[in-house]
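The values are calculated or read from the model by the stated rules, or taken from the named source; none is laboratory data. Because the structure is predicted, anything quoted here is derived from the model rather than measured. Backbone-built Cβ (ideal geometry, glycine too); neighbour counts: all protein chains shown. Each accessible area value is taken on the protein alone, full model and side chains, heavy atoms only, with ligands, DNA and RNA left out. Shrake-Rupley method; radii C 1.70, N 1.55, O 1.52, S 1.80 Å.
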Amino acid sequence: MEQRRADTIAAELEELIFNGTFCDGDRLDEVRLAERFNVSRTPLREALQRLARSGLVELIPRRGAFVRQPGPVELMEMFEVMAELEAACGRFAARRITDSALAELRAANVNCRAAVEAQDTDAYYAENERFHHIIYAQSGNRFLATETGALHRRLKPFRRQQLKLRGRMAQSLTEHEAILDALERGDTALCADTLRDHVAIQGEKFHNLMATLKNAAE
């Protein structure tokens, strides 16, 4: 129960940071937040730890938790690396993926479609995350899968946030279907390219994301 509550608190804190309630550099007072969410300090601290692992919060010993939002250059650089790591996972997975993993990816896409129809970004993100982690595992390279998963966690708040942009969930699902098609065909180059394009945020897509991050540096 506390784990689920920590998940909920972390998601709500993400939204409060993105909507400007808490600004870059603000200290997150544990006592006030525990009262705000009507919880004990234990699930609250776990939620802050999760945000710290994603890099959205910095935990400073003897000082507390502070909001930390990356600026646009840092965020762009992280997404560029993320795109290349996922492209590498896709390239390897196209050669090594199992039939059972392909079936799991199809099932994840079915659930993603249902989430799009319901306009449920949380449900979509959960299945989207499952989709990507299957590909990481199917790369057959544990080091690559671990490093890719770590950066995925770092960017999780921002990947979740961009799904709230109008039309992005439906677009993401279409991209998933192209990735799955490339995997089924065993086309290593196409799979790498489709995953890279799926993850990279450039041009209008990047500017739309930054517009939602009201406290990001100009």
Can you tell me which residue within segment 195-204, out of those that are under 17 Å from ALA87 (Cβ atoms) and open to solvent by 30 Å² or more (accessible area, probe 1.4 Å), is modelled with the lowest pLDDT? GLN202
Among residues belonging to segment 76-98 that are among the small types (Gly, Ala, Ser) and within 21 Å of the chain's Cα centre (by Cα), point out the one that is modelled with the lowest pLDDT. ALA83
How many residues does segment 54-75 hold that are assigned to a helix (DSSP H, G or I) and either exposed (fewer than 15 other Cβ atoms within 10 Å of the Cβ) or modelled with pLDDT of 85 or more (or both)? 2
Tally up the residues in segment 85-95 that are surrounded by 15 or more Cβ atoms within 10 Å (Cβ to Cβ) and either charged (D, E, K, R) or under 15 Å from ILE17 (Cβ atoms) (or both), please. 2
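Conditions (1) open to solvent by less than 20 Å² (accessible area, probe 1.4 Å); (2) outside any helix (DSSP H, G or I); (3) in contact with a helix residue (DSSP H, G or I) (Cβ under 6 Å, 6 or more places away or on another chain); (4) of a type in the set (D, E, K, R), marked per residue:
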| residue | (1), (2), (3), (4) |
| --- | --- |
| ALA10 | yes, no, yes, no |
| THR21 | no, yes, no, no |
| VAL31 | no, no, no, no |
| LEU48 | yes, no, no, no |
So which of GLY140, GLY167, GLY149 ends up being surrounded by fewer than 16 Cβ atoms within 10 Å (Cβ to Cβ) and at pLDDT below 95? GLY167
VAL31 passes all but one of (1) without any contact (Cβ under 8 Å) to a residue 24 or more places away in the chain; (2) within 25 Å of THR121 (Cα to Cα); which number fails? (2)
Of all residues making up segment 152-162, the number that are open to solvent by 10 Å² or more (accessible area, probe 1.4 Å) and within 23 Å of CYS191 (Cα to Cα): 5
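Here's the yes/no breakdown for (1) crowded, with 16+ Cβ neighbours inside 10 Å; (2) in contact with a Lys or Arg (Cβ under 9 Å, 6 or more places away or on another chain); (3) among the polar types (S, T, N, Q); (4) modelled with pLDDT of 90 or more:
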position	(1), (2), (3), (4)
LEU180	yes, yes, no, yes
LEU183	yes, no, no, yes
ALA189	no, yes, no, yes
ALA192	yes, yes, no, yes
HIS207	no, no, no, no
LEU213	yes, no, no, no
ALA217	no, no, no, no
In segment 107-128, what count of residues is obtained for those that are assigned to a helix (DSSP H, G or I), in contact (Cβ under 8 Å) with a residue 24 or more places away in the chain and open to solvent by 40 Å² or more (accessible area, probe 1.4 Å)? 2
